[in-house]
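Notes follow the structure.
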Amino acid sequence: MKNLEKKIYDDLKTIPPKKRRELLIREMANLTDKNIHCFKCTGTCCTMSANSMQITPLEALDILLSLNISAENANEFKENMKENIKHYRLDNEISLGKKAHTHLRKTYTCPFFVPGPKGCTIKKELKPYGCLGFNPRLEEDNGSQCHSDFNLLEAREVSHLPNETDANAYIKILYQLNWNKLEIPKAVLVLLEHIYP
Ligand code: SF4
Ligand code: SF4
């Protein structure tokens with residue numbers, strides 16, 4: 001993991017995770033200043049009632065960094081991902097037709113969500129971009145009218161596009177991945193199985 005991390009973050013000069021999320025984290029702080037936050041919510045957006053998040057290989061690598069994965073605990077994480085995938089039937093892809101070249105997005109409770117005050121167990125500066133861009137818009141809303149800030153997410157993506165494209169291409173070639181985005185547990189499991197076979 002250390003070597004891969006070094007290769008991706010140093011050799012490719014990949015922008016550090018916190019910098020890549022700067023716009024999104026700043027907006028969350030702005031909302032919190034206006035008393036618009038997730039502090040009292042049960043975390044609806046992380047559960048199968050609303051979550052269908054898909055992430056890139058680079059975002060999956062960021063999650064692994066947040067979890068401090070090692071040879072000692074990798075198997076435990078792999079088993080958790082497999083259980084989650086099985087439970088929400090994420091391995092059973094439903095095609096939207098030959099012409100669509102895409103699959104039905106499924107909802108699932110994120111394996112990194114812990115009900116209660118803890119909520120998400122991934123460090124803020126390493127969370128998927130889509131998670132950071134999905135926020136409440138009203139004070140004391142508690143999850144009823146939250147939505148993604150697509151303009152902000154797009155602005156972030158555009159500002160880091162060449163750098164992230166290189167990093168994702170590097171990971172895809174390294175592990176011969178044929179996908180650009182997958183559900184969180186599937187993306188994390190694929191990387192775990194390559195890094196800790
Ligand atoms: S990574 Fe965190 S914020 Fe994103 S869906 Fe999972 S638990 Fe929720
Ligand atoms: S974004 Fe909305 S649904 Fe998700 S934890 Fe915050 S308040 Fe709850």
Separation between Cα centres of the stretch 108-187 and the stretch 65-87, rounded to whole Å: 18 Å
So what's the stretch 3-79 giving for Rg/Rh, alpha carbon basis, Kirkwood Rh from the mean inverse pair distance? 1.04
With no solvent term and unit scatterers on the alpha-carbon positions of the chain, Debye gives log₁₀ I(q)/I(0) at q = 0.08, 0.12, 0.18 Å⁻¹ of -0.27, -0.63, -1.41
Return the single residue from Leu24, Leu64, Leu177 with maximal mean-square fluctuation; model: Gaussian network over the chain, springs between Cα atoms under 10 Å. Leu177
Normalised by the residues of the chain, what does the relative contact order come to in percent, with Cα pairs under 8 Å and at least six apart? 38 percent
Hey, for a label at Met48 modelled as a point 7 Å past Cα toward Cβ, could you say which residues of the stretch 119-139 have their backbone N under 20 Å away? 119-121
Each label point is 7 Å from the Cα along the Cα-to-Cβ direction; what then is the distance between the points at Ile25 and Arg137, in nm? 2.6 nm
List the residue ranges in the chain for DSSP H helices whose C-alpha atoms run 15 angstrom or more along the long axis and whose Kyte-Doolittle average is 0.5 or above. 57-67, 184-195
Over 25 Å between C-alpha atoms is what I'm after, so list which of Lys13/Lys82; Lys18/Lys86; Lys13/Lys86; Lys127/Lys186; Lys19/Lys172; Lys86/Lys127 land there. Lys13/Lys82; Lys18/Lys86; Lys13/Lys86
What does the convex hull of the alpha-carbon atoms of the stretch 92-197 project to on average, in nm²? 9.6 nm²
Unit charges at the beta carbon, dipole of the stretch 2-195: most positive-side option, Tyr129, Asn180, Ser70: Asn180
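Bear in mind these aren't lab numbers, they're just calculated from the coordinates by the rules spelled out. Bear in mind that the values here come from a model prediction, so they are computed numbers and not experimental data. No Cβ is skipped: glycine too gets one built from the backbone with ideal geometry, and neighbour counts run over all protein chains shown.
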